[in-house]
Amino acid sequence: MMKLNVWGGAGEHGRSAYLLSGDRTHILMDCGVKKEGAGEYPLIEPELVSTLDAVLLSHAHEDHSVAIPLLYKMGYQGEVWTTRETREQLDTYFRAWRSNMERAGYDLPYEETDEKSIRYRYLEDEAKSGIWFEMVPGLHVLWGRSGHLAGSVWFALEMEGKRIFYSGDYTSESMLLQEDCAAEALKLASLFRGRERRSSRINNSQLSQGMAVSDGIQLAGESLTELAMATGNSRISEISLTSSLTKRCMDQVMDLAIVDAAYGTDRDTQAEKLEQLDHAIRQTIARGGKVLLPMPSVGRGQEIILWAQERYPGVPMIVEQGLVDGMKQLLRVPYWLREKETYLKGPLTYTIGQFLDGQSWHLPKNWEDRERLLNQHAASLWFIPDGMMQSSLARWYYSQLAESCENLILLTGHAAVGTFAQKLAQNPAEYGVCEVQKVRYKVHQGWLDVERMLQRVPARHTVLVHADKAETDRLRENLLRNSPSPEAEVYSLSPGDELYV
Ligand SMILES: [Zn+2]
Ligand SMILES: [Zn+2]
């Protein structure tokens, strides 16, 4: 028997923390905060912390990472397994959380020394994506890129005879970031493993090259041609398996899947979201207005900037430093960038490099500069850091644009309860006369994505996470209405719930 304890993250947005307990092994997947008031932390059971064998971290966002120091404060002495890129970003998130809380007058439940105590281990040092490895005795892990943020991953686990899938925050529709399709990676990995068991001559280095077939290896009763077809391309994400291969791998049903369903019953594709964004921007530009686009420093901001640059070549674009820094950061991590073109043309490193070298946008250097640019340009696009609009810079920009009904504040992502962005979205007229619109750019899964994941990564128990309870309930009902498999259970849970699988 294996038990899932939801310490946070199901039926809510924030504080993702999922405890898996077997008879011998205990692991925690993510440990984040909820950005409300003094911050809501996961419902950690302190007496269990010292029993944890490993903590797995899917990505750097604070709703997955920022409560990890609390584990160390409570006595955790083990390791946190994540990617090097996530580690690179974490200090920024820890620092931002600390300073936000201090500014708001709240105490943190842990010290800075607890942040320093974290012992990191890197997934890519053990195995490439798509390759199983033993993380701690009795726990086998396979990871892949989840397309959500540079460094973000999904996990598949094998523990005490159970198979578990955790999507982390997941999207296959990023314009910039590569996703390793979990379904295909799992099928391919199981194929390799089948052969690994049958042929002791396939060693781990051959597997990690993504090439299990080499000269002279005879694989009992199997056609080498099919395997060669699957392995001839070393990029797992590009491999589409033949139907007979797929069937042979379908015995790999998960016992438990924890699946990002943050966009709930929203059925839009990214292409539809971009159309909506385009419509809102064009309307504003046509009437001579300014569009303010507040974005997190790293993430969707860079995608929308590059898209807008291609889409509106004659429209002046102003990009604040924080977002430019995020763009530079992407250039340093080509492994996480998308390999095929989507809405953006040409190789991405080239596109990003072009942007950074380019003269086609303005970077305000100081307040004087900002005011000059505001006076100089009528119809224009303004990309500023801080998607929640809590910073003084975001508030200042808002105050500059609020008094003209030609202008548009365009919100493109999650706004936590109590933040200015959320208040503005709820009641724009209370703060100014400019237009406010919300078009959610996709960095998570919506209804159709979850439906596809349920079919392609089949599980006996699937827990939908990352959206509020009412929306998760609605999604669950809709999914069950066209459920492909009546014996598969789909759950909408709440923090504090437990589930036996
Ligand atoms: Zn995230
Ligand atoms: Zn998240």
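Which of 335, 166, 263, 398 comes first, and how do the rest follow, when ranked by fewest Cβ neighbours within 10 Å?
If I rank by nearby Cβ atoms, fewest first, I get 335, 398, 263, 166.
Show me, for segment 276-285, the HN-Hα J-couplings you get by feeding each phi into the Karplus relation (A = 6.51, B = -1.76, C = 1.60, θ = phi - 60°), rounded to Hz, glycine and proline as x.
Listing the rounded values in order: 5, 4, 4, 4, 5, 5, 4, 4, 5, 4 Hz.
Report the residues of segment 269-290 in range of a label on residue 452: point 7 Å along Cα→C-beta, backbone N strictly under 16 Å from it.
Counting backbone N atoms under 16 Å from the label point, the list is 269-274.
Rounded to whole Hz and in sequence order, give me ³J(HN,Hα) for segment 313-330 from the Karplus expression 6.51 cos²θ - 1.76 cosθ + 1.60, θ = phi - 60°, writing x for Gly and Pro.
x, x, 8, x, 10, 10, 10, 6, 3, x, 6, 5, 4, x, 5, 4, 4, 4
Using the count of nearby Cβ atoms within 10 Å as a rough guide to exposure, how do 97, 396 rank from fewest to most?
In order of increasing Cβ crowding within 10 Å: 396, 97.
Normalised by the residues of segment 133-197, what does the relative contact order come to in percent, with Cα pairs under 8 Å and at least six apart?
Relative contact order of segment 133-197: 28 percent.
Quick check on segment 270-438: take the gyration tensor over C-alpha atoms, sort the square-rooted eigenvalues as a ≥ b ≥ c, and tell me if it's rounded (a/c under 1.5), prolate or oblate.
prolate
Would you grab the residues whose amide H sits under 5 Å from the one on residue 459? Only those 5+ places off in sequence or on another chain, please, with H modelled 1.01 Å from N.
HN-HN under 5 Å from residue 459: 254.
Taking neighbour Cβ counts within 10 Å as the exposure measure, how do 279, 444, 466 sort from fewest upward?
Ranking 279, 444, 466 by Cβ neighbours within 10 Å, fewest first, gives 279, 444, 466.
What does the charge count around residue 389 come to, taking other residues whose C-beta lies under 11 Å from its C-beta (Lys +1, Arg +1, Asp -1, Glu -1)?
In short, +1.
Which value, in debye to the nearest 20, gives the size of the charge dipole of the chain about its Cα centre, when Lys and Arg are +1 and Asp and Glu are -1 at the Cβ?
I would put it at about 860 debye.
Any idea what the relative contact order of the chain is, in percent, if you count C-alpha pairs under 8 Å spaced at least 6 apart?
In percent, rounded to a whole number, it is 19.
If you average the C-alpha positions of segment 383-414 and of segment 23-85 separately, how far apart do those two centres end up, in angstrom?
Value for the Cα centre distance between the two parts: 33 Å.
If you count the DSSP beta bridges with both ends in the chain, what percent of them are antiparallel, to the nearest 5?
45 percent
Quick check on the chain: helices-only [θ] at 222 nm, where DSSP H runs of length 4 and up contribute -39,500 (n - 2.57) each and the sum goes over total residues. Nearest 500, please.
-10500 deg cm²/dmol
I need the phi-derived Karplus couplings for segment 111-128: 6.51 cos²θ - 1.76 cosθ + 1.60, θ = phi - 60°, integer Hz, Gly and Pro marked x.
Once θ is set to phi - 60°, the couplings for segment 111-128 become 9, 5, 5, 5, 5, 6, 6, 4, 9, 8, 10, 10, 4, 5, 6, 8, 7, 5 Hz.
Report, by chain and number, residues whose modeled amide H sits under 5 Å from the one on residue 177, excluding near sequence neighbours (fewer than 5 apart, same chain).
Result for residue 177 returns 338.
Over segment 270-438, what is the relative contact order in whole percent, taking alpha-carbon pairs under 8 Å and six or more residues apart?
The value is 32 percent.
If the chain between residue 276 and residue 480 were fully stretched, how many nm would it gain, using 0.36 nm times the residue separation less the Cα-Cα distance?
70.5 nm
The numbers here are math on the coordinates, done by the rules we state, and not lab data. Everything quoted here is computed from the prediction, not taken from an experiment. All Cβ positions, glycine included, derive from the backbone under ideal geometry; neighbour counts span all protein chains shown.
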